[in-house]
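Since the structure comes first, as structure tokens, the remarks are kept for the end.
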Amino acid sequence: MEKIFEVKNLSYQVGETKILKDINLEIEQGKYLTVVGPSGSGKSTFMRILASMISATTGEVLFHGKDIATFEPTEYRQKVSYAFQQPTLFGKTVRDNLAFPFEVRKQEFDEAKVIKYLEMVNLNQDYIDKSVNDVSGGEKQRIALLRNLLFQPEVLITDEVTAGLDTENKAIVHKMLNEFNERGLTILRVTHDESEIEASTDKITIKNGVLQNV
Ligand SMILES: Nc1ncnc2c1ncn2[C@@H]1O[C@H](COP(=O)(O)OP(=O)(O)OP(=O)(O)O)[C@@H](O)[C@H]1O
Ligand SMILES: [Mg+2]
């Protein structure tokens, strides 16, 4: 399998505080990798670096063998998509959010496709014209996730995206992500959820900014 990410001697420091310490890791294309570790251990920071939202202090990250710093940001974001731990919806309506992925690609809004995707996460077409103020936290999470997936990236990074969901909706999201993974999407999933951790076959642990025995 081809390596999609190579992380070499990566550290991240803010002032005197070392948040990530000398991380080395290779991730193969097509993997569904689960990232675990105590709260405050550096998981989200590491994922933000892989998503090129912040830059490592030292070391490098290669994506398909190429330093991520050399990619054009918009292009990179379409290949490596980050689903936030605390998603926010922008604009006035759900439509504004789901139209955005089409706009950045200069494509026309495809309502039939959007309805299909909403249904995949247990939401119906009436949600399109709902105000962003009238959707629940769990609905917001699922809508935000669709923003990441309407156009399939190469890598999806999910940061505790099922944390606010009930069992039924968690299962719906798991099924959808499994299907995307089977179709070739590489997934990096940060979670504290015991059942997700138990079900995962590939797992890494970060403790106190250090990657444990890979
Ligand atoms: N820009 C920053 N400036 C100072 N400290 C930061 C900064 N970003 C992160 N930290 C600190 O780095 C540590 C790691 O944060 P991070 O968000 O990566 O943890 P996490 O493993 O995702 O935790 P959780 O499981 O609670 O989401 C925390 O102690 C956090 O306060
Ligand atoms: Mg976090």
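No lab work stands behind these numbers, since they all come straight from the coordinates. From a predicted model like this one, the values you see are computed outputs, not experimental measurements. No Cβ is skipped: glycine too gets one built from the backbone with ideal geometry, and neighbour counts run over all protein chains shown.
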Which condition number does Asp193 fail, the rest of (1) touching a residue at least 60 places away in the same chain (Cβ under 8 Å); (2) within 16 Å of ligand 1 (Cβ to nearest atom) being met? (1)
Output the qualifying pairs, or none if there are none: Cβ atoms under 6 angstrom, residues six or more apart or on different chains, first residue in the stretch 171-183 and closer than 16 Å to Val161 by Cα, second residue in a helix (DSSP H, G or I). Met176/Met120
By residue number, the members of the stretch 157-183 that are crowded, with 18+ Cβ neighbours inside 10 Å and within 16 Å of ligand 2 (Cβ to nearest atom) are Ile157, Thr158, Asp159, Glu160, Val161, Thr162
Could you grab the pairs with beta carbons closer than 6 Å, sequence gap of 6+ or different chains, first residue in the stretch 96-116 and without any contact (Cβ under 8 Å) to a residue 40 or more places away in the chain and closer than 17 Å to Ala144 by Cα, second one surrounded by 13 or more Cβ atoms within 10 Å (Cβ to Cβ) and among the polar types (S, T, N, Q)? Ile115/Gln125
Can you tell me which residue within the stretch 50-72, out of those that are acidic (Asp, Glu) and free of Cβ contacts under 8 Å to residues at least 12 places away in the same chain, is nearest to ligand 2 (Cβ to nearest atom)? Asp67
Subset of the stretch 28-49 that is among the aliphatic types (A, V, I, L, M) and touching a residue at least 40 places away in the same chain (Cβ under 8 Å) - its residue that is farthest from ligand 1 (Cβ to nearest atom): Leu33
Number of the condition not met by Leu10 [criteria: (1) more than 15 Å from Ile187 (Cα to Cα); (2) within 16 Å of ligand 2 (Cβ to nearest atom); (3) of a type in the set (A, V, I, L, M)]: (2)
With the structure loaded, tell me whether Ile54 is under 20 Å from Thr158 (Cα atoms), touching a helix residue (DSSP H, G or I) at 6+ places or on another chain (Cβ under 9 Å) and within 16 Å of ligand 1 (Cβ to nearest atom) or whether it fails that test. yes
Selection over the stretch 13-43 where residues are within 22 Å of Ile197 (Cβ to Cβ), within 16 Å of ligand 2 (Cβ to nearest atom) and surrounded by fewer than 18 Cβ atoms within 10 Å (Cβ to Cβ) yields a count of 3
Hey, Asn133 hits all of (1) more than 25 Å from Asn169 (Cβ to Cβ); (2) not in a strand (DSSP E or B) but one; which does it fall short on? (1)
